[in-house]
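Heads up: the structure comes next, in structure tokens.
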Amino acid sequence: MTPDPIFLGRRAFVAGLAAAPLAACGRPSSAPADATNAAVYMMEGAEREARLLEGATREGLVSIYTSLNTQDSTPLCEAFEKTYGVRTELWRSASERVVQRGATEARAGRFNCDVFETNGPEMEALYRERLLDTFNSPHFADLPPGAFPPHRQWVADRFNFFTIAYNTNLVTPEEVPASYDDLLHPRFVGRIGLEAGDVDWFGAMVKHMGEEKGLQYFRALAAAKPQIRSGHTLIGQLVASGEIPIAANVYNHNAERVAVQGAPIRWKALAPTFGRPNAIGVARHAPRPHAALLFTDFVLSREGQEILKQRNRVPASNAVDSHLNDFPFETIDPAIVLDEDEKWSKLWSDLFLRGQAVVRDNG
């Protein structure tokens, strides 16, 4: 029985996709021409939105493949439908499955998806599979430079930022770290929490510090006997409850969600703060290109970004006022996941997991 790709390393999964490139499979003559879609995606001018709406209304539907949970993705779709009168069709699953379904359907000559929205590394895998296309949006002007990869075939619509979080009843204001080096203070031995699957954060941190110095730092952190837990939401809850006094790699929006409910937890961005982009892109062979671009515009617009903010997600747009992204940050290079996963996973596992396999939580 073939193993489910969700349980495979991302590097192995993407390598498997590359073994049978889409170009070799062909596509039926009924599939939309690349040039036709590209012309829609690069549309500019004062009448751009009206032309997109006219085309999307004619197409009647936009199909979205996403890993964003339905509690957060459904409000986006409902607001889009209310604004434009175009129906949405949402398929939600884990990020690896989004890639798997998109690639599998394309190889079979079926092109149902109009918009992909998932984690940055998986969006990069879709780009490498030639399932995305370059597009324009008037909302690009509101996005930070770190939202764009060099090829610009996807763009971050939200971020997961890695910050520390601490229980205010157990860590005094004077003890709150001002740098990552402060986590190595003897007072934190046995009291630090680490999310078990954040290999990409680990690789980005080590590269930023310089490999020799960075690995030395994480060896020292391992010597501080951190408590390893799986799940970013769980880590935030354990800090809030006091089971873990302080955590080194929390998503700040998870800490914020329980803090606003009155829990004794605070988060703090330390330098360097790394963000894992979650991104959106239009499908190269979308059967409904006008609806694809109209929906993508909506997600990147102030209205769409405000909806993400209301769901305690971290909006990518600078047009939305949010303290969840109001600090300097760097974007994690997807290559750490796609091309260097074996290296960083082994180092992380040897340091923190006693050689066990890494299980990632990308929620």
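The values are calculated or read from the model by the stated rules, or taken from the named source; none is laboratory data. None of these values were measured; they are calculated from a predicted model. Neighbour counts run over all protein chains shown; Cβ positions are idealised from the backbone, glycine included.
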Please verify whether the range 322-329 includes one or more residues that are assigned to a helix (DSSP H, G or I), at negative phi and out of contact with any Leu (no Cβ under 9 Å at 6 or more places or on another chain). no
All but one of (1) without any contact (Cβ under 8 Å) to a residue 60 or more places away in the chain; (2) within 30 Å of Ala39 (Cα to Cα) hold for Arg284, so report the exception by its number. (1)
Hey, could you check the range 264-285 for residues that are in contact with a Ser or Thr (Cβ under 8 Å, 6 or more places away or on another chain) and assigned to a loop (DSSP other than H, G, I, E, B) and say which is surrounded by the most Cβ atoms within 10 Å (Cβ to Cβ)? Ala269
Take the residues of the range 82-114 that are in contact (Cβ under 8 Å) with a residue 60 or more places away in the chain and of a type in the set (Lys, Arg): which is surrounded by the most Cβ atoms within 10 Å (Cβ to Cβ)? Arg97
Output for the range 300-320, where each listed residue is of a type in the set (A, V, I, L, M) and more than 14 Å from Phe135 (Cα to Cα): Ile307, Leu308, Val314, Ala316, Ala319, Val320
Taking the range 230-262 as the region of interest, how many residues are more than 23 Å from Ser179 (Cα to Cα) and of a type in the set (Gly, Ala, Ser)? 4
Restrict the check to the range 115-136 and report whether at least one residue is touching a residue at least 40 places away in the same chain (Cβ under 8 Å), polar (S, T, N, Q), in the same structural domain as Ala292 (by TED's automatic domain parsing) and more than 16 Å from Val282 (Cα to Cα). no
For the range 70-78, indicate whether the set of residues that are modelled with pLDDT under 95 and surrounded by 13 or more Cβ atoms within 10 Å (Cβ to Cβ) is non-empty. yes
For Phe135, only one of the following conditions fails: (1) outside any loop (DSSP other than H, G, I, E, B); (2) buried (at least 21 other Cβ atoms within 10 Å of the Cβ); (3) at pLDDT 95 or above. What is its number? (1)
Please state which of the following conditions Gly109 fails to meet, knowing it meets all the rest: (1) modelled with pLDDT of 95 or more; (2) farther than 26 Å from Phe202 by Cα; (3) more than 20 Å from the chain's Cα centre (by Cα); (4) in a loop (DSSP other than H, G, I, E, B). (1)
Step by step: first the residues of the range 112-145, then only those that are within 13 Å of the chain's Cα centre (by Cα) and not aliphatic (A, V, I, L, M), then the one that is farthest from Leu308 (Cα to Cα). Which residue is that? Glu124
Tell me which strands (runs of 3 or more DSSP E) are completely within the range 144-241 and hold 2 or more residues being at pLDDT 95 or above and surrounded by fewer than 18 Cβ atoms within 10 Å (Cβ to Cβ), or say none if there are none. 227-229
Kindly establish whether Asp333 is outside the structural domain of Ala94 (by TED's automatic domain parsing), out of contact with any strand residue (DSSP E or B) (no Cβ under 6 Å at 6 or more places or on another chain), under 27 Å from Asp114 (Cα atoms) and assigned to a loop (DSSP other than H, G, I, E, B). yes
